[in-house]
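Trainee: Can you keep this structure in mind? I'll have questions shortly.
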Amino acid sequence: MPADLVRELLTQSLKAWAVAGGVERDGEGVLVIGQNGKSIRIDPAQHPMFRWTVSVDSRKRGAVSLVAVLRQVREVLDPGHAGQRIRVAVAPLVPPS
């Protein structure tokens, strides 16, 4: 997925979560998010098992999908948020009667 689309997804996610912060790309195509002194780097992973590496301070964690990246970002920027499991499916909004 192109880095500009990932940047836009993260930007819109911060807005939806009502979490202050910004998303930028650096010269290496790395996404950086900052809020209240927190910096999160999101890089394409070098490990074949993961697609992304999320770095906070000196800690690095692998993420297998953008959903996992979003979850990790939310945990850092909004630690009081109670996460929930969701299912995404293709279906009509209102079941037929």
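Just so it is clear, none of the values below were taken in a lab; they were calculated from the coordinates. A quick note: this is a predicted structure, and the numbers were derived from the prediction, not measured. As a convention, Cβ positions derive from the backbone with ideal geometry for all residues, glycine included, and neighbour counts pool all protein chains shown.
Trainee: Let's test the formula: R0 of 22 Å, r as the Cβ-Cβ distance of Arg25 and His81. What FRET efficiency results, to the nearest 0.05? Let's see the in-between values first.
Mentor: On the way: r = 26 Å, r/R0 = 1.16.
Given R0 = 22 Å and the Cβ-Cβ separation, E is 0.30.
Trainee: Using a Gaussian network model on the chain with a 10 Å cutoff between Cα atoms, which of Ser39, Ser55, Ser65 fluctuates the most?
Mentor: Comparing Ser39, Ser55, Ser65 in the GNM, the peak value goes to Ser65.
Trainee: While we're looking at this one, here's another question. Please compute the contact order of the chain in relative form: average sequence separation of alpha-carbon pairs under 8 Å and at least six residues apart, divided by the residue count, as a percent.
Mentor: Values: 111 pairs, mean separation 14.5, N = 97.
Here the relative contact order equals 15 percent.
Trainee: Any idea what angle helix 66-77 forms with the longest principal axis of the chain, computed on alpha-carbon atoms, 0 to 90 degrees, nearest 10?
Mentor: That works out to roughly 70 degrees.
Trainee: Here is a follow-up. How big is the charge dipole of the chain about its Cα centre, in debye rounded to the nearest 20, if each Lys and Arg gets +1 on its Cβ and each Asp and Glu gets -1 on its Cβ? Don't skip to the end; give the middle numbers.
Mentor: On the way: 13 positive and 9 negative charges, 74 e Å.
The calculation lands at about 360 debye.
Trainee: Continuing with this model, one more query. First select every other residue whose beta carbon is under 13 angstrom from the beta carbon of Glu24; then total the charges, Lys and Arg +1, Asp and Glu -1. Could the numbers behind the result be given before it?
Mentor: Numbers: positive: Arg7, Arg25, Arg41; negative: Asp4, Glu8, Asp26, Glu28.
Summing Lys/Arg as +1 and Asp/Glu as -1 gives -1.
Trainee: In degrees between 0 and 90, to the nearest 10, how far off the longest principal axis of the chain does helix 3-17 point, with axes built from Cα atoms?
Mentor: 60
Trainee: Could you give each residue of the range 50-64 its phi-based ³J(HN,Hα) in whole Hz, using Karplus coefficients 6.51, -1.76, 1.60 with θ = phi - 60°, and x for Gly or Pro?
Mentor: Whole-Hz 3J(HN,Hα) from phi for the range 50-64: 10, 9, 9, 10, 10, 10, 10, 6, 9, 8, 10, 10, x, 9, 7.
Trainee: Among Trp52, Trp17, what is the fewest-to-most ranking by other Cβ atoms within 10 Å?
Mentor: Details: Trp52 20, Trp17 15.
So the ranking, lowest neighbour count to highest, is Trp17, Trp52.
Trainee: Counting other beta carbons within 10 Å of each residue's own, what order do Lys15, Lys38 fall into, fewest first? Mind dumping the intermediate values first?
Mentor: Numbers: Lys15 10, Lys38 13.
Fewest to most other Cβ atoms nearby, the residues stand as Lys15, Lys38.
Trainee: Answer with one residue from Ser13, Val32, Ser65: the one whose Cα lies farthest towards the positive end of the charge dipole of the chain, charges on Cβ with Lys, Arg +1 and Asp, Glu -1.
Mentor: Ser65
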